[in-house]
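J.: Structure incoming, see below.
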Amino acid sequence: DRAGHVPGAVSFPPESAPEAGSHQELARLPQLLGGLGLTGRERLVCCGDISYSGEAARVFWLLEAAGAIRVAMLEGGFTAWCLSDGRVEFADSRRAPVEWAPSPNTELLATSEYVRRSFGETGVEILDARGPDAWRGALDHADWGVLRRVGHIPHALPLDLTAFFEPDGTFLGLSETWSHFTSLGPRPANPVDVSCEFVVYGRGEGIHADPGQPVEAASGEGALAYFLLRRAGVERVRLYAGGWSEWYGDPYLPVVRIVAADELMHKLRKSQHWLRPNAPPADFAFFDVRHPADHTRSHIRGSVTLRSDHFADSLDIRMEQFWPNADRATTPVVTYCYGEQCIRSRATSTAAARGGFIYVERFYGGLDEWLAAGGSVVRGE
């Protein structure tokens with residue numbers, strides 16, 4: 001490296017490691033790390049360019065997943081080291097191979113199968129570290145009404161990594177970091193339980209995070225979220241190393257995306273029964289998951305009432321009644337409730353995904369956004 005390195009540092013570029021997206025790949029780490037001259041008994045410090053470094057965070061997770069028990073990250077990275085007049089070496093600092101002592105910790109890894117079994121389960125929270133825009137999965141107007149595998153893993157909450165850093169790029173204090181995590185949730189009144197197990201993911205932690213992109217484009221958001229949770233003292237954290245690139249690449253895994261009022265209006269116009277103006281749309285299942293009395297007072301044209309606490313048990317009955325020819329692999333399910341402060345659309349979209357529907361959409365803004373956008377409602381049955 002022409003920029004040099006911290007004295008004695010061992011070069012461990014993440015792309016030199018197995019992708020570690022499976023237990024078999026994880027089992028290859030001890031041989032690799034022993035070959036770098038590491039025993040796993042040392043205090044190991046990861047150093048990237050800056051604190052906001054996906055590369056350093058991926059190495060942090062790889063070391064903990066390999067069984068190391070004393071792993072840290074250099075605050076501010078190599079940039080901060082240089083700015084503080086730290087000594088820089090240019091000489092090769094490779095070490096003689098040794099035996100890596102610890103066994104891999106498979107409980108730090110989540111596979112796609114593990115995530116598929118876990119989303120929506122009590123005691124498990126999934127965090128999407130790609131950012132709120134990617135989590136929403138908005139489509140260009142030309143793609144409205146077309147099935148696209150964008151959005152997020154069912155039940156996942158968006159995690160904005162930028163909120164955990166000071167303006168100069170250093171980490172927030174531990175108490176502030178902890179406060180951010182304890183305030184996460186589908187709405188302020190329903191924060192997550194930090195004693196839960198957290199599964200975090202980004203675009204993908206492997207060498208080729210997105211098809212067709214070079215190694216340098218591989219993202220470390222998931223590993224960075226893992227590190228931030230561990231730094232805050234959260235004990236039970238798994239990294240879904242395959243991330244979004246693996247999940248969306250499997251057509252049998254469900255995806256959830258957020259639709260806005262203008263897109264929903266377009267979908268309803270396209271799928272409208274002209275002779276039966278309040279009939280359910282033909283191309284997608286559309287559920288009002290508010291209380292039935294509120295549906296009676298006013299609802300979006302074409303929506304079928306199915307209250308949230310009956311949704312999982314009654315979904316098949318409603319589908320057979322209103323959409324008997326629906327194909328769960330291609331028929332989207334759209335739900336809405338009272339607005340962004342309502343948790344029902346999250347719970348019911350998760351239930352639809354667990355029920356075998358591959359494409360699930362949440363009209364997150366609900367009736368509030370619909371009316372603000374000039375949408376009309378049906379009053380009474």
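The values are calculated or read from the model by the stated rules, or taken from the named source; none is laboratory data. Please read all numbers here as calculations on a predicted model, not as lab measurements. Cβ coordinates were reconstructed from backbone atoms using ideal geometry, including for glycine residues, and neighbour counts include every protein chain displayed. Accessible surface is based on the protein model in full, side chains and every heavy atom, while ligands, DNA and RNA are left aside. Shrake-Rupley method; radii C 1.70, N 1.55, O 1.52, S 1.80 Å.
J.: Sticking with the crude label model, points 7 Å out along Cα→Cβ, report the distance from ASP283 to SER103 in nm, one decimal please.
T.: If labels sit at ASP283 and SER103, their model points lie 5.4 nm apart.
J.: Further question: How far is helix 54-65 tilted, in degrees, relative to the longest principal axis of the Cα atoms in the chain, given as a value from 0 to 90 rounded to the nearest 10?
T.: So the helix axis and the longest Cα principal axis differ by about 80 degrees.
J.: Would you mind working out the accessible area per residue for the stretch 27-121, using a 1.4 Å probe, and quoting it in Å²?
T.: 54
J.: Separate question: Compute the long axis of helix 344-354 from its Cα atoms, compare it with the longest principal axis of the Cα atoms of the chain, and write down the angle in degrees, 0 to 90, nearest 10.
T.: Tilt of helix 344-354: around 80 degrees.
J.: Continuing with the same structure: Mind checking the per residue accessible area of the stretch 315-363 for me, 1.4 Å probe, whole number of Å²?
T.: Value for the stretch 315-363: 41 Å² per residue.
J.: Could I ask something else about it? Could you sort HIS180, HIS266, HIS23, HIS152 by accessible area so the largest value comes first, with the probe set to 1.4 Å?
T.: Result of the area sort, largest leading: HIS23, HIS180, HIS266, HIS152.
J.: Let me ask something else. If ligands, DNA and RNA are left out, what is the accessible area of ASP168 with a 1.4 Å probe, given in Å² to the nearest 10?
T.: 120
J.: Nearest 5 percent is fine: what portion of the DSSP beta bridges confined to the chain is antiparallel?
T.: 15
J.: Compare PRO254, PRO188, PRO281 in a GNM of the chain, Cα atoms joined below 10 Å, and give the one with the largest fluctuation.
T.: Comparing PRO254, PRO188, PRO281 in a Gaussian network model of the chain, the most mobile one is PRO188.
J.: Once you measure Cβ to Cβ distances between cysteines in the chain, which Cys have no partner under 4.7 Å?
T.: CYS46, CYS47, CYS82, CYS196 - these cysteines have no disulfide-compatible partner (Cβ-Cβ under 4.7 Å) in the chain.
J.: Here's something else I'd like to know. Mind putting a number on the dipole of the stretch 240-334 about its Cα centre? Charges go on the C-beta only, +1 for Lys and Arg and -1 for Asp and Glu, and I need it in Debye to the nearest 20.
T.: For this selection, approximately 480 debye.
J.: Can you pull the Kirkwood radius for the stretch 232-381, inverse mean 1/r over Cα pairs, to one decimal in Å?
T.: 16.1
J.: Let me ask something additional. So how tilted is helix 221-232 from the main axis of the chain? Cα-based, degrees 0 to 90, rounded to 10.
T.: 70
J.: Rank these residues by their accessible area, most exposed first, probe 1.4 Å: TYR240, TYR52, TYR252.
T.: Accessible-area ranking of TYR240, TYR52, TYR252, largest first: TYR252, TYR52, TYR240.
J.: Further question: Taking all protein chains in place and a 1.4 Å probe, what share, in percent, of the accessible surface of the chain do carbon and sulfur account for?
T.: 51
J.: If you don't mind, another one. Using a Gaussian network model of the chain whose springs link C-alpha atoms within less than 10 Å, name the residue from GLN272, GLN321, GLN31 with the highest mean-square fluctuation.
T.: GLN321
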